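S.K.: Got a structure here, written out as structure tokens. Questions coming.
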Amino acid sequence: MNIIKKDKKYLGREGEPRPLIVANAKNSYVYNERGRKYIDFFAGWCVGDIGWNVKEVVKQIKKFSGPNYVSPGYYYREWAELAELLAKITPGNLTKSFRATGGTEAVEIALQAAMFHTKRSKFISIEGSYHGHSIGAMSVGMSDFRKWYPNLLPYCYKIKSPLDEKAAHRVAELLSKGDIAAFISEPIICNLAVEIPTQRFFNIVQTACKKYGTLFIADEVATGFGRTGKMFACEHYNIKPDIITIAKGATGGFGALGAAIMTAEVAKSFEFDFSFYSTFGWHPLNVAAAIANIKYILKHKTPLFKNINQLSSYFEKRLKPMEFRITPEIRIKGLAIGLEFHKPKYAEDIIQRCLKKGLLIANAGSSNMVIFPPLNMTLETAKEGLNILEKCL
Ligand SMILES: Cc1ncc(COP(=O)(O)O)c(C=O)c1O
């Protein structure tokens, strides 16, 4: 049976897959089974931040000779090492990592920690956002999820864009009742095709959260590890969150791992008195991958961040004058790039034409497209990819 027929018969999917059978990936390229090369402009949605199969990281992971499994209730040297590393690189006073297998579980832990710490159960989040697909994460995600699952968690208030001073005052008003457990948002909202809230928005929200005892959860599952030009997107706004969630770029695709990293104060009321348990959270091999990947990012931090800034300007310079049939709103922060057409179908047509011509681009809804290239993509590859895009308009 051919692979596509087999896939259709045996694999459950969330939607129709794109017509590409991935056989390999290296640096900023993905290869199909016949060895055809595709330029990767979306890095598996902010997973392959340092590109694929990076030699230096692969070498470290190959050296792994630890146990193939450690049960969560024991000590394991590398858990403490990774947690220390995360405490060092995250903004604010986040010191305690809770182990997860990916982003959804990290968000779930964050929501539960907020409920437990505040003894409250209501949440505020951004309309249209995505924080994962568990019942809790969907409850704080876009309201449309309620069409499919009408009984998601109640009292999850959604704030509509634009995320400016007016929107912040709506948040503050809701918070003033003193019964909201947490406000949760991506600092730069990749899932809304790179919505960039104003500084005033976060200033007001952060101050109101402090005033009314509400926790601030920054979902950095997509933005973490340099995507927006800072190690964490919170740093653009001087946000000091109570909890950060990470996954995706933490291992760069070399493993599956997430974490909810919180302040000692929140962790204190959450740990030892609660039943969270993740059998495969921080599996030893994934921990080795995360440590190798994060150490690589730290070692190459200066050239990597220089490259992000240079490429970011280059993408802006090339995208702005491009002759799109529908003029998009172009939003760029580092290498998080969103093009919002405000009309369905056009973006998808371009994405499909690009795929045929050897360029991978993603979308965050029917009326937009997003570009998340590896942070160390060369200027030549970016140029080559943008030339393809231009030809596909
Ligand atoms: C901001 C954000 N949070 C959470 C998630 C869920 O992560 P995962 O797919 O690893 O469960 C995603 C996934 O796209 C995300 O973009």
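The values are calculated or read from the model by the stated rules, or taken from the named source; none is laboratory data. Please read all numbers here as calculations on a predicted model, not as lab measurements. Every residue, glycine among them, receives a Cβ derived from its backbone with ideal geometry; neighbour counts consider all protein chains shown. Remember, those area values only see protein heavy atoms, side chains included, never the ligands or the DNA or RNA. Shrake-Rupley method; radii C 1.70, N 1.55, O 1.52, S 1.80 Å.
S.K.: Being within 15 Å of the chain's Cα centre (by Cα) and part of a helix (DSSP H, G or I) is the filter; apply it to the range 244-268 and report the residue that is nearest to the ligand (Cβ to nearest atom).
M.R.: Lys248
S.K.: Out of the residues in the range 46-65 that are closer than 22 Å to Leu355 by Cα and open to solvent by 40 Å² or more (accessible area, probe 1.4 Å), which is farthest from the ligand (Cβ to nearest atom)?
M.R.: Checking each candidate, the answer is Asn53.
S.K.: Right, another one. In the list Leu298, Leu285, which residue meets the criterion of being away from the ligand (no atom under 13 Å from the Cβ), more than 14 Å from Ile89 (Cβ to Cβ), among the hydrophobic types (A, V, I, L, M, F, W, C) and over 15 Å from the mean Cα position of the chain (by Cα)?
M.R.: Leu285
S.K.: A follow-up question, please. If I go through the range 267-302 residue by residue, how many of them are farther than 23 Å from Asn68 by Cα, open to solvent by 80 Å² or more (accessible area, probe 1.4 Å) and not acidic (Asp, Glu)?
M.R.: Within the range 267-302, residues that are farther than 23 Å from Asn68 by Cα, open to solvent by 80 Å² or more (accessible area, probe 1.4 Å) and not acidic (Asp, Glu) number 6.
S.K.: Can you name every residue in the range 339-350 that is open to solvent by less than 10 Å² (accessible area, probe 1.4 Å) and either in contact (Cβ under 8 Å) with a residue 24 or more places away in the chain or of a type in the set (S, T, N, Q) (or both)?
M.R.: Leu339, Phe341, Ile350
S.K.: Also, I was wondering about something else. Enumerate the pairs (first residue in the range 180-191 and open to solvent by 10 Å² or more (accessible area, probe 1.4 Å); second residue anywhere and among the aliphatic types (A, V, I, L, M) and more than 8 Å from the ligand (Cβ to nearest atom)) with beta-carbon separation below 6 Å, excluding pairs fewer than 6 apart on the same chain, so at least 6 apart or on different chains.
M.R.: Asn191/Ala364
S.K.: Looking at this structure, is Ile388 at pLDDT 95 or above, in contact with a Lys or Arg (Cβ under 9 Å, 6 or more places away or on another chain) and more than 13 Å from Arg18 (Cβ to Cβ)?
M.R.: Here the answer is yes, as Ile388 does meet what is asked.
S.K.: Hey, another quick one. Being in contact with a strand residue (DSSP E or B) (Cβ under 7 Å, 6 or more places away or on another chain) and without any contact (Cβ under 8 Å) to a residue 40 or more places away in the chain is true for just one of Val194, Val221, Val171, Val205. Which residue is that?
M.R.: The match here is Val205.
S.K.: Which members of the range 66-84 meet the condition of being in a helix (DSSP H, G or I) and open to solvent by less than 30 Å² (accessible area, probe 1.4 Å)?
M.R.: Within the range 66-84, Trp79, Leu82, Ala83 qualify.
S.K.: Being assigned to a helix (DSSP H, G or I), of a type in the set (A, V, I, L, M) and in contact with a helix residue (DSSP H, G or I) (Cβ under 8 Å, 6 or more places away or on another chain) is the filter; apply it to the range 87-114 and report the residue that is surrounded by the fewest Cβ atoms within 10 Å (Cβ to Cβ).
M.R.: The extreme case among them is Ile89.
S.K.: Then there's this: Within 16 Å of the ligand (Cβ to nearest atom) and open to solvent by 10 Å² or more (accessible area, probe 1.4 Å), is that true of Cys156?
M.R.: When the stated conditions are applied, Cys156 passes them.
S.K.: Another question about this same structure. Of the residues Pro187, Pro241, Pro197, which is farther than 30 Å from Lys55 by Cβ and either at pLDDT below 95 or within 11 Å of the ligand (Cβ to nearest atom) (or both)?
M.R.: Pro187
S.K.: Out of Arg120, Arg99, report the one residue that is among the basic types (Lys, Arg) and under 20 Å from the mean Cα position of the chain (by Cα).
M.R.: Going through Arg120, Arg99 in turn, just one is among the basic types (Lys, Arg) and under 20 Å from the mean Cα position of the chain (by Cα): Arg99.
S.K.: Among Glu235, Glu220, Glu271, Glu316, which is the only one that is of a type in the set (Asp, Glu) and within 16 Å of the ligand (Cβ to nearest atom)?
M.R.: Glu220
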